[in-house]
Structures are given as C-alpha cells and as structure tokens.
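The structure under discussion appears below in the form of structure tokens.
Every read-out reported here was derived from the displayed coordinates using simple, explicitly stated rules and does not represent laboratory data. The shown structure was predicted, so the numbers you read here are calculated from the model rather than taken from an experiment. Note: ideal-geometry Cβ built from the backbone for every residue, glycine included; neighbour counts use all protein chains shown.
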Protein chains: 2
Amino acid sequence: MASIKDVAAEAGVSVATVSRVLNDHPSVSADARTRVLAAVETLGYRPNAVARSLRTDQTRTLGLVISDVMNPYFTELARSVEEEARALGYSVIIGNADERPDLQDHHVRTLLDRRIDGLLLSPTDGGSPLMLDAARAGTPMVFVDRWIPGVEVPVVRADGQAAVRDLVAHLYGLGHRRLAIIAGPAATTTGRERVEAFREALAAYGLELPDAYTGQGDFQAESGRRVTEGFLDLAEPPEVVFAADNLMALGALDAVRARGLRVPDDIALAAFDDIPWFVHTDPPVTAIAQPTGELGRAAVRALVDRIEGRPGESVTLPARLVVRRSCGETPTPVQRSTT
Amino acid sequence: MASIKDVAAEAGVSVATVSRVLNDHPSVSADARTRVLAAVETLGYRPNAVARSLRTDQTRTLGLVISDVMNPYFTELARSVEEEARALGYSVIIGNADERPDLQDHHVRTLLDRRIDGLLLSPTDGGSPLMLDAARAGTPMVFVDRWIPGVEVPVVRADGQAAVRDLVAHLYGLGHRRLAIIAGPAATTTGRERVEAFREALAAYGLELPDAYTGQGDFQAESGRRVTEGFLDLAEPPEVVFAADNLMALGALDAVRARGLRVPDDIALAAFDDIPWFVHTDPPVTAIAQPTGELGRAAVRALVDRIEGRPGESVTLPARLVVRRSCGETPTPVQRSTT
DNA sequence: GATGCTCGTGGAATCGATTACATCGACGGA
DNA sequence: TCCGTCGATGTAATCGATTCCACGAGCATC
C-alpha cells in the first residue's frame, strides 16, 4: 500500500508538504497542491489511520459496550449511536457483553487498548475495577440506559416512572389486582428501578407486590420463560405479568403458549421496551416505549462534548405507555399513542 | 498513560527487554521477567495497540459490513461472527450499510483506512469500484450471505433452493395456486436467487409466476407493506405472499392488518429467514430458516484462513423449511422442524 | 588456552504519519 | 539599498511499539 513517502516522491515534494495538503493547512502553493492531489489520485493513496492516530493521539473512534446485541432495543440504540457519531465525524466500535461481566470487561479492555477517544457504556453489573479505574483515569465516558451510581459520569437514560404509573392505572382499570413482575438483575439500575417504580405505582392503589410475584430474570428470553412457569405453578397465579424487557416478554409468551393458555384471557402481559414485533404478536403486546433513537443521539453528543473539552450533560427523557391488547380489552383507553 | 519506556525505566531494563517479556520471547532471564512484570503491574501498563499495529502491520481486527443491523438475521450473523473471531483472537468492527451503497462504501473505506486484517462483506449491490479494487489489491475478503459474481473471493452462504421447493410443495398441498413473491433488490444475489428458486419450484407444479405477482422490494419493512398493498389491490389478488426476508414479511403483516384482513384466511404468508418472533406472531409465520450461527462462524474461519495464508474455502449450507400456521392448517405437514 | 556456541541484553532503525523549527526568496516600507 | 515580514517548503523529531544486529559473559570442545 502506498505511503505518504511514495506520494511525496511522485509529486516531487517533501512528506511535510503532502501532509499539509491532506490536512488542508493554509500555507501551501496552488502548484504544490495540485501536484500532490494528482499523485494521490494516481497512486490511489489513502492515509494510514493507524499511523495518524499514533502521532495525533486521537482515533476519532467511540467505543460502545452494550449488554446484548440480540435485544432489539440495544440494536436500535447501537444504530442511532453510529448514525450520530458518523455525522460528527467519528466511527463506532461495538462490543457485545451478552449480559456477562467478564465479556464486558474484555471489550472495555480491548477498546481502551485501541485508544478509542471515548466510551459509551450500558453496564451489565455494578462496575468492575477496570471500568471504575478508566472513569477515574479520565477516559471520556457516558452511560446510556443503565448506569453506575457514585461514578462521575454523565448518564443518558429514559425515565419510566410515569409510564409505569400509567401502566398500573391501565391494569387496575381493567380489574386486575394480582400483578407480578419479571425483574432484571439487581446489579443493574434498570433492573432495580423498574421493580421500584412498579411497586410504588401499585402502592398508590393500595396493592402489594409480594415476593412470590417478584421473579428474578436476567433480561434474557430464557429467564422470562422460567419465571413465568414459576408464576403459573403458584396456587394463586398472578393475573398480569409485567416483563422488565422485551426478551423476557418473549420468554413469557413462550411459557404461556407451552401450557396451552391464552393471553390475556388466562394471564395478561405487559413489557418494558417497545419493538415493532409487538404490533404483530398474538395478541399485540402493551409496552412501555423508550425514545431509543433520541437516547442514542443524546449519548453521543454528550460523549463528544466530553472528548472535545465541553461539559457533557446528563439527559433524562420520558418513556411512554403504548396500550395494545395483551392486558385485556380497554373500554376507555389510557392510551397516549398507538404507534 | 504509561508507555513501554516508563515500564523499562521502572524495571531498570531496556524497552527491548520489556517488549520481549510482553511477547514472551524465549531468551529473557527469569529475573528480568519478574522485574518487568512487577513494573507492568505497578504502573497498570497496557500496550498501545495502535503503536503495535503500526509496527507489525497487523491489527488483529476484522471488518464486517452488513446490509442492515436492524434485521434480526444480520444481528444474529454479526453476533456469531464476533464470537468466533474472539475465539480466534480477533476483534470485529461492524459497519451498517442500511442497504445503501454509499454507506457501504463509506464503511469499507474507513475499515481499509484502519488497516483491518480482513473484510467480511454482505454486499448491498453489485460491487462498487472501491470494493472491487480492494479485492484485486489482495485484501483478504470473504462474502457472507450475499456475494458478487466474478470476484475471486470465497463465499459463505445458505442454499435455499431445496427449502423453497419444500415450501412450494407445502403451499400446493394446501390448495394454493396463485402464489406471489416480494423480491429483494435485483442487484443482490439473494434478491435474484430467491425469486429464481421460487419460479423454478412453481414450474415443477406447472404454475407460473406472472409479473403482477412479482413485487419489487428492498429488504426493508416499508417495501413489504407497499408491495403487499399492490397485491391486495389487484383484481385477482394472490392467495399466498412469499416475502424474501423477514422485514418485508413484517411489512406485509402490517399491510394485511391495516385492511382488516386475516392471515391465512384472506391471504397466506411465508418468509425467508426465520426469527424467534415468528413463533408468536398472529398467526405464527411459516419460514425458511438459515443456519445463521454456522454461517457466521464458517465465514470467520474462511477469512482467518486467508489472512494467515491458508486457502480459505467457500461454504454452502442448506436452509430448511419451518412450517407454522400462516399458510393455512396442515393435515399432514411437510414440516421438518418446529423450532 | 583459543575457538565457537548460546543466552541475555541493549542500541538503534523502523513503521507512517504530524508538526516545530529552520531556511530561503520575494516583497514592501523606510 | 537594506531590513523585516511573510509565505512556501524541507529537515528532522516524535508518537509507542517490534526486531535486527552487535556485544559480552559463560561454557563446552578440542
């Protein structure tokens, strides 16, 4: 592959001049410029990003470590992150942690080794020493969706509290009283928050959330299935199951179907995170939708702000309830949108 | 950030020795080794991958440019690619082309600039000059899923012909005679092949595939919706719509639902690419499943073979039909699996 | 005791860029 | 005419690693 030296030789100038042309530095003669450009053309020269990064100490690359690529929510997040980053002149390297702390650490380490300019994280757990060290060492960092309390890093997330209240109102209105939740891992903020929001919303109606109705999931489909089976085995099964993410909802659907039962007649279902397929499931699933694209874009903006020396602010956007038919037919819907 | 020089100073040896310890070169004394390791530990030193790549001319990184991350099929492919690559000691940088040739070129260019060791491509179109040049210049390359005829590059793909024949047999057996297809872009191999396989399978039953029943889609949901609406507007609409990928099937489902019609009573639906949600759609969708994980792994193995100087072979794996209920109830199923 | 290994080590070149500094010619003002 | 300034350019240092080559010590062989 042609290097800057070859271009310099071809154009009959020094490498410094070539570099100046490429980075359009002002003091270069029109003549030199055209000769260099011609040489670049004939040689098909492309600057070596590796060498450039070594010298300038910046890679114009962002690292994004997400908990699970197979989760449509995170896929969409990743997509919007890449789009916004591209618009701002950055590339993105995605690391998939698969909800495994060890994999998460692996990716953070590789990204750091590659000297990415900044890190976008949606932590799987409470934060490994590695991550904490990186934050302390001043690596530009931003948390998306999930975060780690006590770390001085901007957080970009959706607030689901109001939407969960709307959901509970909707369920109560339909006559449901025994409500259960499939929770996410307690090590994650979203895992804890969603249970808490649910519990508080129930309390407003004088309802309890007994331990038997609090299943421990891990944001993966399989756990949703397992927990739902547990619920169905109870002497008094819940009337509604609220899955804390879309994959666990899929698992719940599997479990219900495997028993030959029907949603919502035998048991109702609602989920956190809305995805296109929920419109077409049997029945369409009532869900809490996050402004995923906005979150991704805001996170990138915050991170790039940090990288380029500006403050970089936390952002919290509201989630909203999307009512469909999985909790029963609504006479007068609480519905705010049907998208 | 600590560099190799700092480690050398701390350990009281030269940088050459540090480098030897890090790359466990044989001729290093036990004493030097322990001192270096201790220094690495106290400084929290991590080798700079950028500098290393510049010197060694290898990044231990693979580029993967896929047509659309939001498509669950490609997401799964990306995931298995990353897994296998990691097992072989490589990282993966994913570029999402969103079915847009310009974006595809953008990603190929950026990846090449970063001097990735090899490129995994699922081309959106017939191949830009950039891609063709890269292939000719000897960049290790492998095509996955889709490929470009006439380019000397291994291809890893699924062969759907037999499965499409099984599908048509199934449809014919259910009494369907007017079969339509939502095709992918003619610029892609999968776009063309699936139509051809369908047409041939129909011919075996003495059926035609009229132009009116061949809708032009682009592998995105919106096009599936548009084409399906066109079909439904025909004086004699088809009895079955076969979508050439899962997103267009989603669009078709949208269109059918929007008219207040039902699958399969009013119109039957089948899709290429099976995804977990198809089990839970209303009704569950009959689909042709590719061995996605296997494809991803085989592609990585072929690419790494190329990179490391071994031949690197093309691989073709069979796809298989998964019968569900979207084409009508089956008395005696052709079904081979129900996963 | 000289010769020739092997082993451990350090010095220095190198990868391909960017950029500080030096140089040189032209030009304008005094 | 002379000097200062500015614009265009080249030389060389630098980023952080790897690796070739040289060198000295220790040891076996003859």
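Worth pointing out:
- Our estimate of slack between B:T34 and B:D113, defined as 0.36 nm per intervening residue step minus the Cα-Cα distance, is 24.6 nm.
- For the pair B:D265 and A:E236, a Förster radius of 30 Å applied to the C-beta separation gives a FRET efficiency near 0.20, rounded to the nearest 0.05.
- Over all pairs of different C-alpha atoms, the protein assembly as shown has a mean inverse distance whose reciprocal, the Kirkwood radius, equals 27.4 Å.
- Each other copy places its own label point for A:A212 at 6.2 nm from this one, sorted shortest first, where the point lies 7 Å along the Cα-to-beta carbon line.
- Nearest-first distances (nm) between copies at A:H25, label 7 Å from Cα via Cβ: 3.5
- Backbone geometry of the range A:142-147 corresponds, through the Karplus equation with coefficients 6.51, -1.76 and 1.60 at θ = phi - 60°, to 3J(HN,Hα) couplings of 9, 8, 10, 6, 9, 8 Hz, x marking Gly and Pro.
- This model, with +1 at the C-beta of Lys and Arg and -1 at the C-beta of Asp and Glu, gives the protein assembly as shown a dipole about its Cα centre of some 1300 debye.
- GNM result for chain A, Cα springs below 10 Å: residue of A:P47, A:P291, A:P283 fluctuating most strongly: A:P47
- Rounded to two decimals, the Cα-based Rg/Rh of the range B:162-300, with Kirkwood Rh, is 0.95.
- Value at 222 nm in deg cm²/dmol, rounded to 500, when DSSP H runs of n ≥ 4 in chain B each add -39,500 (n - 2.57): -13500 deg cm²/dmol
- Phi to ³J(HN,Hα) by Karplus 6.51 cos²θ - 1.76 cosθ + 1.60 over the range B:73-87, Hz, x for Gly, Pro: 4, 6, 4, 5, 4, 4, 5, 5, 4, 4, 4, 5, 4, 4, 4
- Each of B:S3, B:V315, A:M70 was scored by the projection of its Cα onto the charge dipole of the protein assembly as shown, and the greatest displacement toward the positive side belongs to B:S3; charges sit on the C-beta of Lys, Arg, Asp and Glu.
- Gaussian network model of chain B, springs between alpha carbon atoms under 10 Å - residue of B:V155, B:V164, B:V36 with greatest fluctuation: B:V36
- Residues in the range A:57-70 carry Karplus couplings, in order, of 6, 8, 9, 6, 9, 10, x, 10, 10, 10, 6, 5, 5, 6 Hz; the curve used is 6.51 cos²θ - 1.76 cosθ + 1.60 with θ = phi - 60°, and Gly or Pro positions show x.
- Spin-label pair B:A204-A:L88: with each label point 7 Å from Cα along the Cα-Cβ axis, the two points sit 5.4 nm from one another.
- Relative contact order [Cα under 8 Å, 6+ residues apart], the range B:159-290, whole percent: 23 percent
- Net charge of neighbours whose Cβ lies under 14 Å from the Cβ of A:V285, counting Lys and Arg as +1 and Asp and Glu as -1: -2
- Taken over chain A, the percentage of Cα pairs per 10 Å bin, counting from 0 up to the bin with the maximum distance, is 6, 23, 25, 18, 12, 7, 5, 3, 0.
- Approximate spin-label separation B:D211-A:D133, in nm, with each point projected 7 Å along Cα-to-Cβ: 6.7 nm
- Formal net charge of residues neighbouring B:Y45 (Cβ-Cβ distance under 12 Å; K, R +1; D, E -1): -2
- Each part reduced to its alpha carbon centroid, the range B:110-129 and the range A:233-306 end up 36 Å apart.
- For A:V144, nonlocal amide neighbours, meaning residues 5 or more places apart or on other chains whose placed amide H falls under 5 Å from its own, are A:L121, A:S122, A:V156.
- With q set to 0.15, 0.17, 0.21 Å⁻¹, the log10 of I(q)/I(0) for the range B:58-128, from the Debye formula over equal scatterers at the Cα positions, is -0.44, -0.57, -0.84.
- Long-range amide H partners of B:L317 with built H, under 5 Å: B:R157, B:A158, B:D159
- Computed over the range B:4-47, the Cα gyration tensor eigenvalues convert (square root of 5λ each) into semi-axes of 14, 10, 9 Å, ordered from largest to smallest.
- Long-range HN-HN contacts of A:T59 with modeled amide H, under 5 Å: A:D117
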